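S.K.: Please find one structure pasted underneath; my questions will follow.
The values are calculated or read from the model by the stated rules, or taken from the named source; none is laboratory data. Computed from a predicted model, the values in this text were never measured in an experiment. When we count neighbours, we look across all protein chains shown, and the Cβ atoms used for this are built from the backbone with ideal geometry, even at glycine. Heavy atoms of the whole protein, side chains included, go into the accessibility calculation; ligands, DNA and RNA do not. Shrake-Rupley method; radii C 1.70, N 1.55, O 1.52, S 1.80 Å.
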There are 2 protein chains.
Amino acid sequence: MINDAALSRLSLNQRTTASWSLPEAIKGCVEAGLGAIGIWREQLAEVGLDEACRLIAESGLRVSSLCRGGFFTTADPAEAQAAEANNRTAIDEAAALNAATLVLVPGGLPPGDRDLQAARDRAAGAIAQLVPYAHERSVNLGIEPMNPIYAADRGVISTLAQALDIAEGFDPTDVGVVVDTFHLWWEPGIADQVQRAGERIVSYQICDWITPLPADTLLARGMMGDGHIDFPAFTRAVALAGYRGDIEVEIFNAELWAAPPGEVVSTMAERYLELVRPYLDE
Amino acid sequence: MINDAALSRLSLNQRTTASWSLPEAIKGCVEAGLGAIGIWREQLAEVGLDEACRLIAESGLRVSSLCRGGFFTTADPAEAQAAEANNRTAIDEAAALNAATLVLVPGGLPPGDRDLQAARDRAAGAIAQLVPYAHERSVNLGIEPMNPIYAADRGVISTLAQALDIAEGFDPTDVGVVVDTFHLWWEPGIADQVQRAGERIVSYQICDWITPLPADTLLARGMMGDGHIDFPAFTRAVALAGYRGDIEVEIFNAELWAAPPGEVVSTMAERYLELVRPYLDE
């Protein structure tokens, strides 16, 4: 089935089916009737940008996100320059793919560095530095606040409120926010912050918070319905804020990665239809 | 050495030396020259309240906290009643021990329940219900906000701001907050919240955030200096807020539990003198 209406806003983030190459993932999305795909740069590099653009155009899929830019918390000037160059390349790729957003994962504390506020300030500064380049290419930079579990080693921006404090310094078409249930489900006042975000929500990513957490916390994410997150309530809030974009399923999970990717896509479509889709139009 | 001045505000939380019984821990504190101890109810029950009070009086130690009350997020009326009864007993024990506070760990989501806000509201309601009983016994209830890593299964109150929103409904002598570096180091605006807390800070608990997180996240805490937390900065903020109480080292860590407890106490005293003590009087 192609572009089945019920799944037209569902997007497969490539990390959910990590064993698939980009061509395989595109084929999988089309066969499952999804409307969009979230692309990772590592898999993009394997096929090259031109070929990826051709495959995407041929498929009719939207690119709901390019993952990922960011990792710009370094205090070292040479490293900061390298990070900026890398992010500019990512912006070029996002432009070519017409991605709804380039997801920015801020990065953690530099080794041995314990000044979290300074790292946060550097992340904000690095975003500001990228905006003109992204603006010229009509690329939206999506700041991804991350669960505090990753504050030390992956993402120093920890709440949607904090991401919005940064994003609001820029035009919404230039800088948005990525709303990911795994990262934000616990945030006090999250419904108000989602409402505040409004048109700045450039990506709605979903997966569940499961307990006990797996040993590798990077792989601690679960299929919707397997954990503690109230997807109907969260989805209602996102819809109420005006979000009309794609809903991207991004699950880092070793067990899922060991399963046949086609089955994972089927399960995620079922869960989406049960827990998310009915609450998108309220 | 007894009550060495430099260590007079250092307290050993019993969980740091989990293999010690209460009498052993009291002895260990006295021998190391610490001024206080944080007592756990499980070890307290082993010796009985009267004997514990006798041992504490004899030792000259302060009881910096009794751990722990709380776990009152259930939606079941019978369970809620049992939780309240249990908390009243804990209040009686805290009164007898003259503990600076009874630490309240809210508890997580009930099994199958995904309404986090409702669980938070029930926790706040349960605290309100305990206040008169605690007030009559001059026991301070210390709300412990917990790292969001535990929001699902241990503590639904996730930030100091959120704990203060609840605590501020009551007199500071009745309801305070527990400021634990592990739980709060990542909170945006934490220095402002610590300042806001002021006299409500009834316990300052310290341990480090280490990466990679150990497989069992309950045991993810590290010795000060082994991880990513800026203890001088955090301690300065707590001192600036007016805190003059004990500094309690609470570390859940399987490797430390396997080490000889006396050595653990020595190491924690060294780290305290290096990373915390110099910043308490600024």
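S.K.: Between residue A:42 and residue B:138, what is the spin-label point distance in nm, taking each point 7 Å from the Cα along the Cα→C-beta axis?
M.R.: In this crude label model, residue A:42 to residue B:138 measures out at 6.1 nm.
S.K.: Given axes a ≥ b ≥ c from the Cα gyration tensor, I'd like to know whether chain B is rounded (a/c under 1.5), prolate (a/b larger than b/c) or oblate.
M.R.: The shape class here is rounded.
S.K.: Quick one: buried accessible area between B and A, total over both chains, 1.4 angstrom probe, nearest 100 Å²?
M.R.: 2200
S.K.: Considering only the label points, 7 Å along Cα→Cβ from Cα, what distances in nm to one decimal separate residue A:88 from the same position in each other copy, shortest first?
M.R.: Those separations, rounded to one decimal, come out as 7.1 nm.
S.K.: What FRET efficiency comes out for residue B:49 versus residue B:165 if R0 is 22 angstrom and r is the Cβ-Cβ distance? Round to the nearest 0.05.
M.R.: On the way: r = 33 Å, r/R0 = 1.52.
About 0.10, to the nearest 0.05.
S.K.: Take the solvent-accessible surface of the protein heavy atoms, probe 1.4 Å, and return the percent of it on chain B that carbon and sulfur atoms account for.
M.R.: About 51 percent, which is the carbon plus sulfur part of the accessible surface.
S.K.: For residue B:136, place a label point 7 Å from Cα along the Cα-to-Cβ direction in every copy; what are the distances to the other copies, in nm, shortest first?
M.R.: Nearest first, the other copies' label points are 7.4 nm away.
S.K.: I've got another one for you. Assuming R0 = 22 Å, what is the FRET efficiency of residue A:257 and residue B:219, from their Cβ-Cβ distance, to the nearest 0.05? Working shown, then result.
M.R.: Numbers: r = 26 Å, r/R0 = 1.18.
Efficiency, from the Cβ-Cβ distance: 0.25.
S.K.: Right, here's the next one. May I ask you to find the residues of the range A:124-151 that are shielded by at least 50 Å² of accessible area once the whole protein assembly is considered instead of their isolated chain (probe 1.4 Å)?
M.R.: A:148, A:149
S.K.: Right, something else. State, to one decimal in nm, how far the label point of residue A:6 lies from the label point of residue B:281, with both points 7 Å from Cα in the Cβ direction.
M.R.: Here the modelled spin labels are 7.1 nm apart.
S.K.: Right, something else. Per q in 0.13, 0.22 1/Å, what log10 I(q)/I(0) does a Debye calculation on the alpha-carbon atoms of the range A:85-226 return?
M.R.: After summing over all Cα pairs, the log10 values are -0.57, -1.40.
S.K.: Leaving out ligands and nucleic acids, note down the accessible area per residue over the range B:117-225 with a 1.4 angstrom probe, in whole Å².
M.R.: Value for the range B:117-225: 29 Å² per residue.
S.K.: Right, another one. Would you work out the Kirkwood radius for the range A:1-153? I mean one over the mean of 1/r across all pairs of different Cα atoms, in Å.
M.R.: About 16.3 Å for the range A:1-153.
S.K.: Distances from residue B:212 to the same position in the other copies: list them in nm, one decimal, shortest first, using label points 7 Å from Cα along Cα→Cβ.
M.R.: From this label point to the equivalent ones elsewhere in the assembly: 1.6 nm.
S.K.: Moving to a separate point now. What is the range B:160-282 by shape, rounded, prolate or oblate, if you read a ≥ b ≥ c off the alpha carbon gyration tensor as root eigenvalues and call it rounded for a/c under 1.5, prolate for a/b larger than b/c, and oblate otherwise?
M.R.: The shape class here is prolate.
S.K.: Let me ask something additional. Take the Cα gyration tensor of the protein assembly as shown, multiply each eigenvalue by 5, square-root it, and list the three semi-axes largest first, rounded to whole angstrom. If you can, show how the numbers build up before the last one.
M.R.: Values: eigenvalues 425, 126, 81 Å².
So the equivalent ellipsoid measures 46, 25, 20 Å along its semi-axes.
S.K.: Follow-up question, since we're still on this one. Is any helix in chain B, taking whole DSSP H runs, at least 18 angstrom long along its axis by alpha carbon and on average at least -0.5 on the Kyte-Doolittle scale, and which ones?
M.R.: B:77-97, B:116-136, B:261-275
S.K.: What nm value, rounded to one decimal, do you get for the distance between residue B:244 and residue B:196 when each label is placed 7 Å out toward the C-beta?
M.R.: 2.6
S.K.: Here is a further query. Just to verify a number: FRET efficiency for residue B:98 and residue B:129, C-beta to C-beta distance, R0 = 25 Å, to 0.05?
M.R.: Computed FRET efficiency for residue B:98 and residue B:129: 0.60.
S.K.: Further question: With chain A rotated onto chain B, spot the residue of A whose Cβ lies nearest the axis and note the distance in whole Å.
M.R.: Smallest Cβ distance to the axis, with its residue: A:215, 2.
S.K.: Would you kindly derive the ³J(HN,Hα) couplings of the range B:172-177 from the backbone phi angles with the Karplus curve 6.51 cos²θ - 1.76 cosθ + 1.60 (θ = phi - 60°), listing them in order in whole Hz, with x for Gly and Pro?
M.R.: x, 6, 8, 10, x, 10
S.K.: Skipping prolines and chain starts, which residues have an amide H placed within reach, meaning under 5 Å, of the one on residue A:177, given they are 5 or more residues away or on another chain?
M.R.: Placed amide hydrogens put A:143, A:201, A:202, A:203 under 5 Å from residue A:177.
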